[in-house]
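Comments concern the structure below.
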Amino acid sequence: MNATVAQTPFEILARYERLSLAHASGGGQERMEAPGLWRGIGYRAGNRLFVSGIEEINELLAVPALTPVPGTKPWLLGVANVRGNLMPVIDMARFLFSERTQHSERTRLLVVRQGSGNVALLVDEVYGQRTVDTEQRRDAEREDDPRLARFVDDRVEVDGQRLALFSMGKLVRAPDFRQAAA
């Protein structure tokens, strides 16, 4: 940029927009869709570390106020109002392991599509994006915990951590997950 040429604020903003659009349609996309790489969101429920496909998780939220729903299983914590939409909130560790999640500043909700709506899963903490490559998938081990085997096919090692590849799709279709009435 030539320092001797004065630009109006509008011209500066227009230039930023052009650069931003050029960046959005350019370089980064090829990296994100690199063959052999699978991207997910890492999180902890109970003492186990999981990763679910990035396309399976719609949103990450801090835990809002919950309204209890009487006559439901203990793992259904209640409903939350998220931007005007009521959403059931499930304690993932309690559903999977019968262990109640202890609330802390790291506790989060993973919002997942279920049918025509959403459901929120309470987890102990979220670790952010994880990438699994072909070699890590090739070296994966089968899940041996019978409570998880129907939702987890493989466990992989990523950055020194053993992560279970958890299918949110299998979870939300499970009959016992869909039946929250006590």
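Structure notes:
- Residue tally, condition more than 11 Å from Gly46 (Cβ to Cβ) and either part of a strand (DSSP E or B) or of a type outside the set (S, T, N, Q) (or both), over region 97-106: 3
- Only residues that are free of Cβ contacts under 8 Å to residues at least 40 places away in the same chain and aliphatic (A, V, I, L, M) were counted in region 157-182, giving 1.
- Contact map, region 93-116: first residue under 14 Å from Pro74 (Cα atoms), second residue hydroxyl-bearing (Ser, Thr, Tyr) and modelled with pLDDT of 95 or more, Cβ cut-off under 8 Å, separation 6 or more or different chains; pairs are Ala93/Thr101; Arg94/Thr101; Thr101/Thr107.
- Of all residues in region 147-163, those satisfying the criterion of being over 20 Å from Arg113 (Cα atoms) and either of a type in the set (S, T, N, Q) or part of a strand (DSSP E or B) (or both) are Asp153, Asp154, Arg155, Val156, Glu157, Val158, Gln161, Arg162, Leu163.
- Residue tally, condition farther than 11 Å from Val158 by Cα and among the β-branched types (Val, Ile, Thr), over region 119-135: 4
- Within region 117-144, the residues that satisfy the criterion of being touching a residue at least 24 places away in the same chain (Cβ under 8 Å) and not in a strand (DSSP E or B) are Asp124, Thr134, Arg137, Ala140.
- Members of region 153-174 found to be of a type in the set (Val, Ile, Thr) and surrounded by 21 or more Cβ atoms within 10 Å (Cβ to Cβ), listed by number: Val156
- With respect to being at pLDDT 95 or above and basic (Lys, Arg), Arg31 falls outside the description.
- Selection of region 42-64 for residues being in a strand (DSSP E or B) and more than 23 Å from Gln102 (Cβ to Cβ) yields Gly53, Asn58.
- Qualifying residue in region 34-42 (condition: in contact with a helix residue (DSSP H, G or I) (Cβ under 7 Å, 6 or more places away or on another chain), at pLDDT 95 or above and farther than 19 Å from Val112 by Cα): no
- Hey, Leu109 surrounded by fewer than 16 Cβ atoms within 10 Å (Cβ to Cβ), of a type in the set (A, V, I, L, M, F, W, C) and in a strand (DSSP E or B) or not: no
- Residue count for region 73-95 satisfying the condition of being closer than 17 Å to Asp176 by Cβ and either surrounded by fewer than 16 Cβ atoms within 10 Å (Cβ to Cβ) or touching a helix residue (DSSP H, G or I) at 6+ places or on another chain (Cβ under 9 Å) (or both): 8.
- Residues in region 45-62 that are farther than 17 Å from Gln114 by Cβ, in contact with a strand residue (DSSP E or B) (Cβ under 7 Å, 6 or more places away or on another chain) and surrounded by fewer than 18 Cβ atoms within 10 Å (Cβ to Cβ): 2 in all.
- Annotation note: of Val152, Val123, Val111, Val158, the sole residue that is touching a strand residue (DSSP E or B) at 6+ places or on another chain (Cβ under 6 Å), modelled with pLDDT under 95 and hydrophobic (A, V, I, L, M, F, W, C) is Val158.
The values are calculated or read from the model by the stated rules, or taken from the named source; none is laboratory data. It should be emphasised that the depicted structure is a prediction, and the values quoted were computed from it without experimental measurement. Cβ: placed from backbone, ideal geometry, glycine included. Neighbour counts: every protein chain shown.
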